[in-house]
Ligand code: MN3
């Protein structure tokens with residue numbers, strides 16, 4: 001089972017100038033072959049299908065635990081696309097972006113790649129052979145980093161830059177983790193391949209704060225009580241920086257999500273968001289809940305007893 005925390009892995013900037021073309025490009029990091037849906041579903045299926053897991057516990061724990069982090073990466077890519085589409089004009093989306101962001105969705109992310117092709121289960125490799133699966137995962141993380149750098153270079157929207165800066169660092173951790181696992185199982189020293197692809201993340205301004213906080217050398221344990229054997233694989237020195245690899249007991253602190261403003265031109269969440277807010281306020285009262293919404297967001301637009309009828313980003 002998966003527990004869910006209503007937080008994002010890292011902070012994203014608030015909506016600024018909409019960028020429908022950039023948002024369409026960022027879709028590659030969601031539903032592309034090397035996107036976050038692929039990393040999430042690959043590790044999820046490999047962990048579901050893992051036989052003899054007690055005998056192979058450190059490796060099972062590694063794959064299952066990284067799967068959980070990938071769910072949060074999907075969430076972060078979605079938040080980025082939604083930020084970039086906030087305030088976008090329908091004509092601009094249709095002319096420059098993914099038309100379905102406007103025509104079929106609520107200016108929200110879709111499970112598609114940058115060409116609008118739906119993500120497919122054909123992107124999942126789960127052979128049952130641990131060495132083969134781990135080798136695939138190493139390659140998958142390599143391709144994912146390559147794609148992130150290309151999106152970084154092609155899209156200069158601040159949300160896309162914040163996203164790719166963070167994911168380049170975190171994807172690097174997963175790549176090192178699979179390399180370490182393969183080295184332990186086979187003796188093949190994949191650390192000699194690093195950095196692969198040749199990305200000097202310490203020279204990318206949006207990566208640097210995460211590296212300074214040590215995120216390149218930290219593996220988070222995404223469970224209150226399970227996946228305790230990560231340290232059996234995640235140990236030693238980082239192949240690029242030499243920093244000690246450490247397991248952090250718990251998920252990243254992360255950041256509160258932003259409450260992106262309604263987009264009435266695409267009925268998100270309705271042509272008249274205040275109607276839904278009034279119904280929600282009545283239901284909350286009838287259920288004996290506090291007057292103010294209990295969830296936390298980075299930029300709360302709701303006021304006690306007042307219905308927001310005009311939202312300014
Ligand atoms: Mn990822």
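Okay, here's what the table says:
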| item | result |
| --- | --- |
| Selection status of residue 187, over 27 Å from residue 86 (Cα atoms), away from the ligand (no atom under 16 Å from the Cβ) and modelled with pLDDT of 95 or more | yes |
| Looking only at region 148-184, and only at residues there that are within 11 Å of the ligand (Cβ to nearest atom) and within 17 Å of residue 42 (Cβ to Cβ), the one that is farthest from the chain's Cα centre (by Cα) | 175 |
| Test: residue in region 48-66 that is within 14 Å of the chain's Cα centre (by Cα) and either touching a residue at least 12 places away in the same chain (Cβ under 8 Å) or within 16 Å of the ligand (Cβ to nearest atom) (or both) | yes |
| Yes/no for residue 143 being within 16 Å of the ligand (Cβ to nearest atom), surrounded by fewer than 21 Cβ atoms within 10 Å (Cβ to Cβ) and either within 27 Å of residue 57 (Cα to Cα) or in contact (Cβ under 8 Å) with a residue 12 or more places away in the chain (or both) | yes |
| In region 109-123, residue nearest to residue 169 (Cα to Cα) [restricted to those that are surrounded by fewer than 17 Cβ atoms within 10 Å (Cβ to Cβ) and touching a residue at least 24 places away in the same chain (Cβ under 8 Å)] | 111 |
| Helices (runs of 4 or more DSSP H) contained entirely in region 130-237, each with at least 1 residues that are in contact with a strand residue (DSSP E or B) (Cβ under 9 Å, 6 or more places away or on another chain) and within 25 Å of residue 77 (Cβ to Cβ) | 158-186 |
| Residue count, region 1-31 (criterion: out of contact with any strand residue (DSSP E or B) (no Cβ under 9 Å at 6 or more places or on another chain), closer than 23 Å to residue 174 by Cβ and either within 12 Å of the ligand (Cβ to nearest atom) or not assigned by TED's automatic domain parsing to the domain that holds residue 141 (or both)) | 6 |
| Residue in region 115-124 that is in a helix (DSSP H, G or I) and within 16 Å of the ligand (Cβ to nearest atom) present | yes |
| Total residues in region 234-264, condition in the same structural domain as residue 185 (by TED's automatic domain parsing) and more than 23 Å from the chain's Cα centre (by Cα) | 9 |
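The values are calculated or read from the model by the stated rules, or taken from the named source; none is laboratory data. The structure displayed is predicted, hence computed values, not measured ones. We place every Cβ from the backbone using ideal geometry, glycine too, and count neighbours over all the protein chains shown.
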